[in-house]
Structure formats: C-alpha cells, structure tokens
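Take a look at the structure below.
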Amino acid sequence: MEENRLLVVGDIHGEYDMLCSILEQAEYRPRKDRLFFVGDYIDRGDQSRKVVKKIKELTDQGAVAIRGNHEEMAKNYIEKDGQDNGLYFQNGGRKTLDCYSDFSSFREDMMWLGNLPLKKVLKGQYIFVHAGLKPGIQLEKQDKHDLLWIRNEFFMYDWTENDLDETIIAGHTPFPEVKKFSEKTMIIDTGAGKGGHLSMVDLTNNKIYKAG
C-alpha cells in the first residue's frame, strides 16, 4: 500500500456503519494517510451522535473536518435556544436531536461542529469545501453562504487552470456516483442518509471506496 495517501470522504448524514465500513475498506492509517471530510456529518440517518464521536476521534488523530450546511443549521438552532426549529427540522435535524438523551450534550457537539473551518486549502493541489465556490470571486473573498449552500452555479461552471491552481473537492449536492464536472471540480456526495451510499476517494491513486 502506498505511503501517505490523500483520502476524502463525502457527506455522511448520520450513517455511522457506512463510515466505519469505508474506513475499514480503505485500511485507513492515521499516522500515514491524510484524511479529509467535506461536511454534513449529521441529520437524516439514525446514528448522528456516533458519527460525531467518530469524527472527533479522527480529527484528534490528524484528520481534517470541514463544516457543512447541516452543521451550520444545527449551530443556528442552538444559538436560538432551540426555539426556531423550522429549517433545521425540515432537513433532518430531529433525528440528530433524538440521538441525545440530554440537550447539553447535543449543544456541546453541535457547537463543536458549527465551529469547524469552512474550507481547507492544500496549495497547488486541492481545495476542500462543502458546497463549492462561486465563479469569478477570489478564494479569500468567497461568501460563507456560497461555501455552504451553492449548487448549480458552482458545478455547471467550466473551471480551468485559468481560474484556480487547485482542484475543488465538494459534497452537498448528491449524485449516484462521484462525479467530475470539469478538470477542476469533483462532487463526492453520493446520497448517504438519503437512500444512496457513502463514498471515499483516494486522490493519490484515483480509487473510489463505497459503503451502503
């Protein structure tokens, strides 16, 4: 097995068993591999609390976890003292809340998730972000809402080396399989928690692992 692989996992949405399966399939090695997540760890699936615990363990071992729009919604729900649950519960938040026996533990985990970084850049290689980038806007000037919520405007644009040196790796918009829309964009949300499967891409060897 090649040393120092670069691995990235798509949207998990509470599917703990899929997460464990895909890490096992890839024989992930924390001390040798670099592991990235593009957000949406919670909601819709039944095991969000277990997923959060696992993501915390993995980040303690060196993995990088990016914030998704579901983590942002959960944070907003907490900051409003649970009074405004419309948007969050419409998007599967009730299932996450039901995983917790007390609100304080739920609050602690959701605030941790809600303060994860919005993007991670490996200079000259990759940009890891949840939803994507808005064309024509410098990276440092990208709006948070676009980083978390953008869809068609991002992946329907023909990104080239004239736009960015890096390839953009995003989730957020589910497709049946990992999909490349241009030489500079890859979407890796394959519908976990929504009837699909979870995907991991080995960017070093161009290999895809699936679970579910």
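Below, the figures for the structure above:
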read-out: The listed residue being more than 19 Å from Ile22 (Cβ to Cβ), surrounded by fewer than 18 Cβ atoms within 10 Å (Cβ to Cβ), touching a residue at least 40 places away in the same chain (Cβ under 8 Å) and of a type outside the set (Val, Ile, Thr), out of Asn115, Asn69; value: Asn115
read-out: Residue match in the stretch 90-101 (condition: within 17 Å of the chain's Cα centre (by Cα), farther than 23 Å from Val8 by Cα, modelled with pLDDT under 95 and not in a loop (DSSP other than H, G, I, E, B)); value: yes
read-out: Residue in the stretch 81-89 that is out of contact with any Cys (no Cβ under 7 Å at 6 or more places or on another chain), at pLDDT below 95 and buried (at least 18 other Cβ atoms within 10 Å of the Cβ) present; value: yes
read-out: Residue in the stretch 12-29 that is over 24 Å from Phe89 (Cα atoms), of a type in the set (D, E, K, R) and either part of a loop (DSSP other than H, G, I, E, B) or in contact with a Gly (Cβ under 8 Å, 6 or more places away or on another chain) (or both) present; value: yes
read-out: Within the stretch 157-211, strands (runs of 3 or more DSSP E) holding 1 or more residues that are touching a Lys or Arg at 6+ places or on another chain (Cβ under 8 Å); value: 167-170, 185-187, 198-202
read-out: Within the stretch 99-113, tally of residues that are more than 22 Å from Arg34 (Cα to Cα), touching a helix residue (DSSP H, G or I) at 6+ places or on another chain (Cβ under 9 Å) and of a type outside the set (Ser, Thr, Tyr); value: 7
read-out: Residues within the stretch 50-89 that are closer than 16 Å to Pro117 by Cα and either touching a helix residue (DSSP H, G or I) at 6+ places or on another chain (Cβ under 6 Å) or not in a helix (DSSP H, G or I) (or both), tallied; value: 14
read-out: Condition broken by Ala131, with the remaining ones in (1) surrounded by fewer than 18 Cβ atoms within 10 Å (Cβ to Cβ); (2) touching a strand residue (DSSP E or B) at 6+ places or on another chain (Cβ under 7 Å); (3) not acidic (Asp, Glu) satisfied; value: (1)
read-out: Any hit, the stretch 139-148, residues being at pLDDT 95 or above and outside any helix (DSSP H, G or I); value: yes
read-out: Test result for Trp159, in contact (Cβ under 8 Å) with a residue 60 or more places away in the chain, farther than 19 Å from Val9 by Cβ and not polar (S, T, N, Q); value: no
read-out: Hits in the stretch 159-178 (condition: within 15 Å of the chain's Cα centre (by Cα) and surrounded by fewer than 16 Cβ atoms within 10 Å (Cβ to Cβ)); value: none
read-out: Top-ranked residue in the stretch 1-15 [being at pLDDT 95 or above and over 14 Å from the mean Cα position of the chain (by Cα); ranked as farthest from Thr190 (Cα to Cα)]; value: Arg5
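The values are calculated or read from the model by the stated rules, or taken from the named source; none is laboratory data. What you are looking at is a predicted structure, and each value in this text was computed from that prediction instead of being measured. Cβ coordinates were reconstructed from backbone atoms using ideal geometry, including for glycine residues, and neighbour counts include every protein chain displayed.
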